[in-house]
Amino acid sequence: MAQYFEVHPQHPQPRLLKQAAAILQQGGVAAVPTDSSYALVCHLDDKTAVDALRRIRAVDERHHLTLLCRDLSELSSYARVDNQQYRLLKMATPGPYTFILEATKEVPRRVSHPSRRTIGLRVPDHVVTQALLELMGQPLLATTLILPGQTQALNDAHEIREQLQKQVQAVVDAGACPMEPTSVIDLSAGEPRVVRQGRGDLDALGLVFVADDAA
């Protein structure tokens, strides 16, 4: 049965977040709010939790998972970027952007893309998520909370608890999220390539989304 933590969206109660962090430290999967939508998160180094996260989403190892980071100071441990790419990341964070980057050896192979050796990384602009990451002291592995057969993320914490109470160990309720996915930018091949246009403003980064003609 999932534990339910109702927290203030701007001033989350530390006691409640510490309990949620403890659940994640012990290998649990949690539903948490972000600046784009609710997400499923787990401890980066816990294989059982990562497998459970993928099982809930019904995705395989080719589906890019994302590291939620406190700030860019954690970047060098998990991804390789050059100076130009770092400047772009600095402009975009914190915010609703996900960057696909070349993973370092610090990232377990089971959570990076199997053929490309890449990982998604983002710094969310959400008070509650940031407070939880601060308590964890390291990034959380995350994926958007879209259930199998659905196209939109769940946005109501009560509904999340009702539907996933036997599959997740915690639900952190900080109210509704914007319900728009992040903009996804692939930096793994050098020059930025916009994979998905979402909530993150591409104009602010000097980028343009070019739709795939084959799509």
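The values are calculated or read from the model by the stated rules, or taken from the named source; none is laboratory data. These numbers come from a predicted model, not from an experiment. Counting neighbours? That spans all protein chains shown, and the Cβs are built from the backbone with ideal geometry, glycine included.
Annotations
- Among the residues listed as Leu88, Leu101, Leu140, Leu154, the single one being closer than 22 Å to Asp201 by Cα, touching a helix residue (DSSP H, G or I) at 6+ places or on another chain (Cβ under 7 Å) and among the aliphatic types (A, V, I, L, M): Leu88
- Taken over the stretch 153-179, the residue count meeting the criterion of being under 25 Å from Gly198 (Cα atoms), assigned to a loop (DSSP other than H, G, I, E, B) and either of a type in the set (D, E, K, R) or free of Cβ contacts under 8 Å to residues at least 60 places away in the same chain (or both) is 2.
- Scanning the stretch 197-208 for residues that are over 23 Å from Arg80 (Cβ atoms), loosely packed, with under 15 Cβ neighbours inside 10 Å and not acidic (Asp, Glu) yields Ala204, Val208.
- Within the stretch 1-24, being assigned to a helix (DSSP H, G or I) and over 20 Å from Leu145 (Cα atoms) holds for Pro14, Arg15, Leu16, Lys18, Gln19, Ala22.
- Search result, residues across the stretch 180-196 that are assigned to a loop (DSSP other than H, G, I, E, B) and more than 17 Å from Asn83 (Cβ to Cβ): Glu180, Pro181, Thr182
- Residue match in the stretch 40-49 (condition: more than 16 Å from the chain's Cα centre (by Cα), closer than 21 Å to Glu102 by Cα and polar (S, T, N, Q)): no
- Tally, over the stretch 83-111, of residues that are more than 17 Å from Asp35 (Cα to Cα), in contact (Cβ under 8 Å) with a residue 12 or more places away in the chain and in a loop (DSSP other than H, G, I, E, B): 4
- Within the stretch 58-90, being touching a strand residue (DSSP E or B) at 6+ places or on another chain (Cβ under 6 Å), under 30 Å from Leu147 (Cβ atoms) and surrounded by fewer than 20 Cβ atoms within 10 Å (Cβ to Cβ) holds for one residue alone: His64.
- Test: residue in the stretch 25-38 that is more than 25 Å from Pro148 (Cα to Cα) and either exposed (fewer than 15 other Cβ atoms within 10 Å of the Cβ) or in contact with a strand residue (DSSP E or B) (Cβ under 8 Å, 6 or more places away or on another chain) (or both): yes
- Here the condition is being in contact with a strand residue (DSSP E or B) (Cβ under 8 Å, 6 or more places away or on another chain) and either surrounded by fewer than 18 Cβ atoms within 10 Å (Cβ to Cβ) or within 30 Å of Glu191 (Cα to Cα) (or both); of Val127, Val111, Val172, it holds for Val111 alone.
- Residues satisfying the stated conditions in the stretch 139-152, i.e. among the β-branched types (Val, Ile, Thr) and free of Cβ contacts under 8 Å to residues at least 60 places away in the same chain: Thr151
- Subset of the stretch 135-144 [more than 20 Å from Ala79 (Cα to Cα) and at pLDDT 95 or above]: Leu135
- Residues that are of a type outside the set (A, V, I, L, M), within 18 Å of the chain's Cα centre (by Cα), outside any loop (DSSP other than H, G, I, E, B) and within 19 Å of Thr66 (Cα to Cα) do occur in the stretch 138-150.
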